[in-house]
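Okay, so here's the structure we're looking at.
The values are calculated or read from the model by the stated rules, or taken from the named source; none is laboratory data. Only a predicted model underlies this, so the values are computations on that prediction, with no experimental measurement involved. Every residue, glycine among them, receives a Cβ derived from its backbone with ideal geometry; neighbour counts consider all protein chains shown.
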Protein chains: 2
Amino acid sequence: MTGASRNPRRNLSRALTCIANADVAQTLAAQDRPSPDGLPRIGITGAPGAGKSSLIARLAGLRKGTNRKVAVLAVDPSSPVSHGSILGDRIRMDAIADDPDVFIRSIPSRRAHDGLADNTADLLNAMEGHGFDEIILETVGVGQADYTIRTLVDTVVLVLVPHSGDAIQAMKAGILEMADIYVVNKADLPGADLMAAEIEQVAAHQSADEWTPPVIMASRNDPAGFEALDAAINTHAAWRANSTDAAVGRRARARYQAQGLISRRIDEVLEAEDPTFLDRSPAELFDAIVARLARKDPD
Amino acid sequence: MTGASRNPRRNLSRALTCIANADVAQTLAAQDRPSPDGLPRIGITGAPGAGKSSLIARLAGLRKGTNRKVAVLAVDPSSPVSHGSILGDRIRMDAIADDPDVFIRSIPSRRAHDGLADNTADLLNAMEGHGFDEIILETVGVGQADYTIRTLVDTVVLVLVPHSGDAIQAMKAGILEMADIYVVNKADLPGADLMAAEIEQVAAHQSADEWTPPVIMASRNDPAGFEALDAAINTHAAWRANSTDAAVGRRARARYQAQGLISRRIDEVLEAEDPTFLDRSPAELFDAIVARLARKDPD
């Protein structure tokens with residue numbers, strides 16, 4: 001959109017700020033049809049404190065070493081939630097902030113009905129075509145978000161910490177059955193081996209689709225764990241390319257995005273009306289909203 | 001709708017089955033504008049195993065004794081989830097099943113994006129006008145559902161069990177700050193007093209709206225706890241009637257219901273189309289869906 005700058009990070013940053021500040025009509029005007037060969041997307045999910053950000057920094061470094069420049073979108077529930085759309089001042093850079101080949105943008109989980117931000121799909125689309133090779137979506141595992149992340153990314157990595165109760169919570173929520181790769185992070189803590197064994201047992205039962213999720217031990221001082229994760233992501237991506245229909249995945253994303261945009265458009269419509277607009281029968285209200293959903297009046 | 005039968009339970013059962021089987025157009029056709037004086041609605045939420053059903057049975061018995069006939073809608077995540085809409089065979093009657101003045105219907109958390117069923121609002125509306133005096137909505141506390149229940153009912157009761165980790169989870173999720181009444185159930189278990197004290201501390205901090213949520217101890221063999229809950233519900237209802245604007249609450253419900261119905265209508269539209277319908281740019285897809293949302297083609 002800007003065209004002038006040849007700084008990929010700056011271009012991507014502007015594109016994201018544009019989408020973050022856009023209303024539904026502006027978002028629709030700014031987004032092309034998704035390319036059949038969009039960037040690979042990796043989802044990293046896990047509870048707060050699981051060490052996702054540090055792990056992503058390490059991972060980004062490794063992937064850059066094999067010529068994969070990574071752009072990270074982190075949905076951060078601790079960011080101030082605002083119904084406005086100012087995002088620029090919430091840019092948060094981490095350990096790899098000075099690396100020109102890595103991009104990180106943190107966004108609040110704005111008006112989310114599923115633990116993500118209601119514009120996550122729009123932002124992910126906007127990350128295409130700025131000179132990066134891969135997208136990482138970082139989310140906090142909060143139940144519903146983990147189902148959505150499955151739709152939005154190609155490879156789901158669940159990060160767990162020994163003795164945190166994470167695994168039990170994840171198992172209860174059925175999340176444990178949705179990841180493609182498990183990381184037992186901070187694996188130098190006691191209980192890590194036991195946790196890994198437990199997860200392996202669960203993971204072995206879910207190979208209905210012929211992918212048996214690996215369980216990887218990682219800790220700050222052991223580079224081998226991060227290298228294993230790096231390799232496992234590539235293995236899964238190769239498996240997925242051979243075993244799943246890219247069109248099915250692309251359509252599921254298009255559907256999710258469209259539903260999110262219509263849902264936001266409903267909010268826009270209702271915010272523009274007087275509260276008494278809602279004093280109707282369900283049928284009258286349905287018709288009145290639907291009549292106002294179009295981006296502009298047809299001429 | 002049936003008119004013939006003077007059996008209130010049968011009439012209500014038929015009305016709910018009608019809505020449960022209805023598509024969006026049929027739902028809209030069947031529902032009137034909500035009455036300004038709709039039935040009082042009590043939400044009972046808590047983790048599985050918290051003893052909500054037994055507690056509701058006791059409560060229904062007490063309220064019946066003061067001429068409040070209760071109709072219960074239980075959203076049950078353990079019910080088989082079906083994208084179809086057959087509900088009749090999932091009717092589940094509990095301890096009070098033979099009491100003609102109590103009605104219980106269990107529904108699965110169908111296609112829920114928030115832990116509830118996507119037609120919960122429609123079903124609650126359909127429970128009006130069948131000779132019952134109050135509605136109880138039973139839900140499993142799963143984060144997002146607790147925010148929704150706040151919209152759908154007048155009084156939120158959160159049921160917790162000592163040493164279950166419930167309180168910590170609820171606190172983390174911010175749910176603990178959303179209830180109007182807390183019940184420490186199975187209060188004969190060790191740790192109940194400590195849990196009650198902890199909740200009271202949290203509850204005392206949330207009295208911004210001048211309602212300090214009581215913490216009630218309940219256990220199977222102690223009728224006083226259930227009587228205290230019964231009284232606390234009445235006290236909260238009286239406080240709410242004086243302190244909140246009924247129109248605001250009614251409009252929030254209308255809005256939630258309309259958004260749910262439009263979301264379901266989007267699903268209907270997309271299910272009627274070929275998958276390639278989704279192979280469009282975001283703007284084209286938005287326009288194509290919106291053009292199809294109307295219940296019937298305008299003539």
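Listing for the model above:
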item: Region B:27-38 residues that are farther than 10 Å from residue B:128 by Cβ, paired with ones that are part of a helix (DSSP H, G or I) and of a type in the set (Val, Ile, Thr) (beta carbon under 9 Å, 6 or more apart); result: B:27/B:19; B:30/B:19
item: Of residues in region B:162-192 being at pLDDT 90 or above and under 30 Å from residue B:241 (Cα atoms), the one farthest from the other protein chains (Cβ to nearest Cβ); result: B:181
item: All positions within region B:180-197 that are without any contact (Cβ under 8 Å) to a residue 40 or more places away in the chain, in contact with a helix residue (DSSP H, G or I) (Cβ under 8 Å, 6 or more places away or on another chain) and hydrophobic (A, V, I, L, M, F, W, C); result: B:184, B:187, B:195
item: Extreme residue, nearest to the chain's Cα centre (by Cα), among residues of region A:135-159 that are at pLDDT below 75 and part of a loop (DSSP other than H, G, I, E, B); result: A:141
item: Among the candidates B:58, B:9, B:33, B:63, residue that is at pLDDT below 90 and not in a loop (DSSP other than H, G, I, E, B); result: B:9
item: Top-ranked residue in region A:214-261 [being β-branched (Val, Ile, Thr) and not in a helix (DSSP H, G or I); ranked as nearest to the other protein chains (Cβ to nearest Cβ)]; result: A:244
item: Single unsatisfied condition, residue B:15 versus (1) within 13 Å of residue B:230 (Cβ to Cβ); (2) surrounded by 20 or more Cβ atoms within 10 Å (Cβ to Cβ); result: (1)
item: Complete set of residues in region A:20-49 that are more than 19 Å from residue A:148 (Cα to Cα), crowded, with 18+ Cβ neighbours inside 10 Å and away from chain B (no Cβ under 14 Å); result: A:20
item: So residue A:263, is it crowded, with 18+ Cβ neighbours inside 10 Å and modelled with pLDDT of 90 or more; result: yes
item: Selection count, region A:176-198, where residues are part of a helix (DSSP H, G or I) and either outside the structural domain of residue A:55 (by TED's automatic domain parsing) or under 23 Å from the mean Cα position of the chain (by Cα) (or both); result: 2
item: Selected residue (only one of B:290, B:215, B:269 is under 21 Å from residue B:160 (Cα atoms) and β-branched (Val, Ile, Thr)); result: B:215
item: Selection from region A:66-76 of residues that are modelled with pLDDT of 90 or more and of a type in the set (D, E, K, R); result: A:68, A:69
item: Number of positions in region B:80-108 that are surrounded by 15 or more Cβ atoms within 10 Å (Cβ to Cβ) and modelled with pLDDT of 75 or more; result: 9
item: Tabulated pairs, region B:269-297, first more than 9 Å from chain A (Cβ to nearest Cβ), second basic (Lys, Arg), C-beta under 6 angstrom, 6+ apart or interchain; result: B:269/B:292
item: Candidate set: region A:213-252, residues that are polar (S, T, N, Q) and surrounded by 13 or more Cβ atoms within 10 Å (Cβ to Cβ); chosen: the one farthest from the chain's Cα centre (by Cα); result: A:219
item: Check on residue A:39, assigned to a loop (DSSP other than H, G, I, E, B) and modelled with pLDDT of 90 or more; result: yes
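Yes or no, residue by residue, for (1) touching a helix residue (DSSP H, G or I) at 6+ places or on another chain (Cβ under 9 Å); (2) surrounded by fewer than 17 Cβ atoms within 10 Å (Cβ to Cβ); (3) closer than 18 Å to residue A:257 by Cα:
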residue	(1), (2), (3)
B:199	yes, no, no
B:210	yes, yes, no
B:259	yes, no, yes
B:272	yes, yes, no
B:289	yes, no, yes
